[in-house]
Amino acid sequence: MPDCILNTPIKLGHHRLNNRIVLPPLTRQRSAQPGDIATDLMAEYYRQRASAGFMVSEGTQIEPRGQGYAWTPGIYSAAQIDGWRKVTAAVHAEGGVIFAQLWHVGRVSHNALQPGGAAPVAPSALPALQAKAFIETGPGVGELVQPPVPRALATLEIEELVGQYAQAARNALDAGFDGVEIHAANGYLINQFISAHSNIREDEYGGSLENRLRLLREIVEAVCKVVGPERLGVRFSPLFSGTDQDRVYIGLVEQDPHHTYIEAVKVLEASGIAYVSIAEADWENAPDLPETFRQAVRSTFSGRIIYAGRYTAERGARLVEAGLADLIAFGRPFIANPDLPQRIFNGWPLNALKAEGLYGGTRAGYVDYPVYAEPQ
Ligand code: PHB
């Protein structure tokens, strides 16, 4: 697709992006142990993909309790900040732009991952029945496990949590990231507060939709004070639910997702943040997000809009041409094709995704996917 609309520049906050192809946040579980520290190998993986117009790091836990899968990298210790510096330096050397995805899994965790073996924290003591956490069972090996009943956060603990997001945002800038994305999707902590299925609190953080959106609002405002609105994005998943091999990550779908998430987008608009990223349902034959929802997002929000979820370049380009999206993220194709933008723009064939090394491991299935080479 030589004159693909995805191959046109666009402004995002302070940045002029070279194209509209996004590397979305993808869990790859390769941080150094102990300490959950980003590595040289991770820097190589991100460097290989830096021709994306815009990149978001894999989710990085803002505090120890925010981790739900072994070996995901954190962004709360000095060693972790140092580790991330290698990644951002590698991306910047290639002219790329990268934000850090700030992650807290809330109830989608396990005692084995929690400080002191405590129960995971959540808005309410309701377990995530369909999600799985992942714990280490030996060096480099682990298993998916059922998350236990979490402990409901006390009202006074929430202020501290908001402060942890702000501190993580400071750490991200310190590590050289160009900005941050707040993970409010896929059934994790902020999503758990938004959802009536997981939040039955009786304080000002539960009950009405306005109350269920309060944590999101407080975090957006606090992080905005640190990084500024032009360096901030938020990710939602209004209809998310997915499975990948035997790994399950089930989101929380509201009774009225349209109303819930347009109200959530209004929270972002009030702070004037740079973008909203929508993770769509991504299993085979998933329902499309309704066009009316896409139009309402566009008319509610004046920043950039990113969509992700099993897009082909053609389908993504159509959404941009229709004026409903600004950028399109490609997850699985970008894992398998480090030069994905060049392949799309030149009409070159794509490498197939391998199951090996998707989650955890070393180089195989991570940095060993070849760039395109002309047939001899
Ligand atoms: C996963 O590791 O399965 C996972 C992590 C973060 C997401 C979705 C899925 O947002």
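Could you grab me the full set of residues in segment 182-238 that are small (G, A, S) and either within 13 Å of the chain's Cα centre (by Cα) or not in a helix (DSSP H, G or I) (or both)?
Within segment 182-238, A184, A185, G187, S195, A196, S198, G206, G207, S208, G228, G233, S237 qualify.
Does segment 289-305 contain any residue that is among the aliphatic types (A, V, I, L, M) and under 29 Å from V367 (Cβ atoms)?
no
Among the residues of segment 197-204, is there at least one that is farther than 27 Å from L129 by Cβ and surrounded by 17 or more Cβ atoms within 10 Å (Cβ to Cβ)?
No, the conditions are met nowhere in segment 197-204.
Taking segment 130-142 only, how many residues are more than 14 Å from N111 (Cβ to Cβ) and either within 16 Å of the ligand (Cβ to nearest atom) or touching a Phe, Trp or Tyr at 6+ places or on another chain (Cβ under 6 Å) (or both)?
Final tally of qualifying residues: 4.
Which strands (runs of 3 or more DSSP E) does segment 90-149 wholly contain that include 1 or more residues that are of a type in the set (D, E, K, R) and more than 20 Å from the chain's Cα centre (by Cα)?
Here the list reads 133-138, 141-145.
I'm trying to understand the selection: among the residues of segment 62-79, which are more than 11 Å from the ligand (Cβ to nearest atom) and farther than 19 Å from R107 by Cβ?
Passing the criteria: P73, I75, Y76, S77, A78, A79.
Among the candidates G59, G53, single out the residue that is touching a residue at least 60 places away in the same chain (Cβ under 8 Å), within 16 Å of the ligand (Cβ to nearest atom) and either under 30 Å from K132 (Cα atoms) or not hydroxyl-bearing (S, T, Y) (or both).
The unique qualifying residue is G59.
For the list (1) over 29 Å from F177 (Cα atoms); (2) free of Cβ contacts under 8 Å to residues at least 60 places away in the same chain, I need the number of the one condition that L144 fails.
Going through (1) over 29 Å from F177 (Cα atoms); (2) free of Cβ contacts under 8 Å to residues at least 60 places away in the same chain one by one, L144 breaks only (2).
Would you point out which residue out of H92, H110 is of a type outside the set (S, T, Y) and in contact (Cβ under 8 Å) with a residue 60 or more places away in the chain?
Criteria check complete, one pass: H92.
Which ones in segment 336-353 are without any contact (Cβ under 8 Å) to a residue 40 or more places away in the chain and not in a loop (DSSP other than H, G, I, E, B)?
Those that are without any contact (Cβ under 8 Å) to a residue 40 or more places away in the chain and not in a loop (DSSP other than H, G, I, E, B): A336, R343.
Throughout, read-outs are computed from the coordinates displayed, never taken from laboratory work. The shown structure was predicted, so the numbers you read here are calculated from the model rather than taken from an experiment. Ideal geometry is used to build each Cβ from the backbone, glycine not excepted, and the neighbour counts take in all protein chains shown.
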